[in-house]
């Protein structure tokens, strides 16, 4: 929990190969404001992580450091065997982000255990996970099991579908595609952290984040970008028509909206963009929004939105997408 000076403690936990890759990109971009911790059953994969990331091998007596082999029960048992260490890692954390790829043994099996432990420690737990490509039929079933279990312990769980990333970005190199996928999660993790920890044009405090995201279950994320004199208007359709936003946002129970602009960003523009976006949402949706200045974004306006409490039968139905 917050220390005696009121400073909040954030932890970003990368679980399994996919989660650790996301964590690596965060570290290489100089992300600050949270403790970065990698949890994996693969000792070799942990060994190549960059500085700035704490490394935790889980289930060493079970896997001998060679990974979970795609078996979700081994991933789960590995995390349970390291429960005391995981408790130590998330002790006193106010907010724990869980980053993981779904479909493998460690990500799908261990991430729910780590989320449960963080929840037991009274942290707000926000998950960002990747759903396999449609052609990965065996991994889809594992991913659905992992997501179903994660929803029990994550206050909000954002699912990023790999197939939608392909449709969005087209035929680009695999490494570049996964880097852009990680940017989606990075935008949210860095955006939420900076919104709370750094001075903003319009602040969103930790209580606001909790009100929007606590105990909300499956959620979706969207981003948008605009420039020019009409950017406050044009960014709204960019957000609401984003390829990753596959569900009807009007079904959401809450929305967290945050804008970032250059030092030329006017409060009136941020307010207008916020009001225009909120006008597209039902009156009963609990909305919290804020804005901050980033000098590198001169002339631009960026947005990220998390819609919380959204039903998604495709991801929860173990037979969906398997025909």
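Any read-out appearing in this document is the output of simple, stated calculations on the displayed coordinates, not a laboratory observation. What you are looking at is a predicted structure, and each value in this text was computed from that prediction instead of being measured. Note that each Cβ is placed from the backbone with ideal geometry, even for glycine, and that neighbours are counted across all protein chains shown.
Can you pull the percent of Cα pairs in the chain with separation above 35 Å? Intermediate values should be presented prior to the final figure.
Details: 8639 of 52003 pairs.
The proportion of pairs with Cα distances above 35 Å equals 17 percent.
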Self-check item: Rounded Å value of the spacing that divides the Cα centres of the range 136-150 and the range 10-50
Solution: 22 Å
Quiz item: Which of these, 220, 102, 202, has the largest mean-square fluctuation under a Gaussian network model of the chain (Cα springs below 10 Å)?
Solution: 202
Quiz item: What residue among 28, 149, 43 has the largest mean-square fluctuation in a Gaussian network model of the chain, using Cα springs under 10 Å?
Solution: 28
Quiz item: Roughly speaking, what % of Cα-Cα pairs in the range 136-241 are separated by over 19 Å, rounded to a whole number?
Solution: 61 percent
Exercise. Could you work out which residue, out of 82, 207, 45, moves most in a Gaussian network model of the chain, that is, has the largest mean-square fluctuation with Cα springs under 10 Å?
Key: 207
Exercise. Only helical DSSP H runs with n ≥ 4 go in: add -39500 (n - 2.57) per run for the chain, normalise by residue count and round the 222 nm mean residue ellipticity to 500 deg cm²/dmol.
Key: -13000 deg cm²/dmol
Quiz item: Roughly what % antiparallel, to the nearest 5, for the DSSP beta bridges in the range 10-196?
Solution: 5 percent
Quiz prompt | Percent of beta bridges antiparallel (DSSP, the chain, rounded to nearest 5) | solution = 30 percent
Quiz item: For 131, 307, what's the fewest-to-most ordering of other Cβ within 10 Å of each Cβ?
Solution: 131, 307
Quiz item: Quick one: Debye curve from the C-alpha atoms of the range 219-308, no solvent, what's log10 I(q)/I(0) at q = 0.18 Å⁻¹?
Solution: -0.70
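Is the C-alpha gyration tensor of the range 10-196 telling us rounded, prolate or oblate? Criteria: a/c under 1.5 is rounded; beyond that, a/b larger than b/c is prolate, otherwise oblate. Kindly include the intermediate steps, with their values, before the conclusion.
Details: a/c = 1.37, a/b = 1.11, b/c = 1.24.
Here the range 10-196 falls in the rounded category.
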Quiz item: Going 7 Å from the Cα of residue 202 in the Cα-to-Cβ direction, what parts of the range 220-236 have a backbone nitrogen less than 20 Å from that spot?
Solution: 221-236
Quiz item: What shape does the range 152-307 take by its C-alpha gyration tensor, where a ≥ b ≥ c are the square roots of the eigenvalues and a/c under 1.5 counts as rounded, a/b above b/c as prolate, and the rest as oblate?
Solution: rounded
Quiz item: Between residue 275 and residue 250, what is the spin-label point distance in nm, taking each point 7 Å from the Cα along the Cα→C-beta axis?
Solution: 2.3 nm
Self-check item: the chain: angle of helix 16-28 to the longest principal axis, Cα-based, in degrees nearest 10
Solution: 50 degrees
Quiz prompt | Degrees between helix 137-153 axis and first principal axis of the chain (Cα, 0 to 90, nearest 10) | solution = 70 degrees
Quiz prompt | Relative contact order (%) - criterion: Cα under 8 Å, at least six apart; region: the chain | solution = 15 percent
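From the Cα gyration tensor of the range 71-110, with a ≥ b ≥ c the square roots of its eigenvalues, which class applies: rounded if a/c is under 1.5, or else prolate if a/b is larger than b/c, or else oblate?
Working: a/c = 4.78, a/b = 1.48, b/c = 3.22.
Because a/c hits 1.5 or more and a/b fails to exceed b/c, the range 71-110 counts as oblate.
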Exercise. Give the Kirkwood hydrodynamic radius (Å, one decimal) of the range 130-181, defined as one over the mean of 1/r across all pairs of different Cα atoms.
Key: 12.1 Å
Exercise. Would you mind ranking 278, 230 by Cβ crowding within 10 Å, fewest neighbours first?
Key: 230, 278
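Can you sort 258, 242, 233 so the residue with the fewest Cβ neighbours within 10 Å comes first?
233, 242, 258
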Self-check item: Centroid-to-centroid separation of the range 153-199 and the range 251-313 [C-alpha atoms, Å]
Solution: 17 Å
Quiz item: Considering only DSSP beta bridges whose two residues both sit in the range 219-308, what percent are antiparallel, to the nearest 5?
Solution: 65 percent
Quiz item: So what is the relative contact order for the range 219-308, in percent, with contacts set as C-alpha pairs under 8 Å and at least six apart?
Solution: 49 percent
Practice problem: Report, to the nearest 10°, how far helix 231-240 tilts away from the longest principal axis of the Cα atoms in the chain, using its own Cα long axis and a range of 0 to 90°. | Solution: 40 degrees
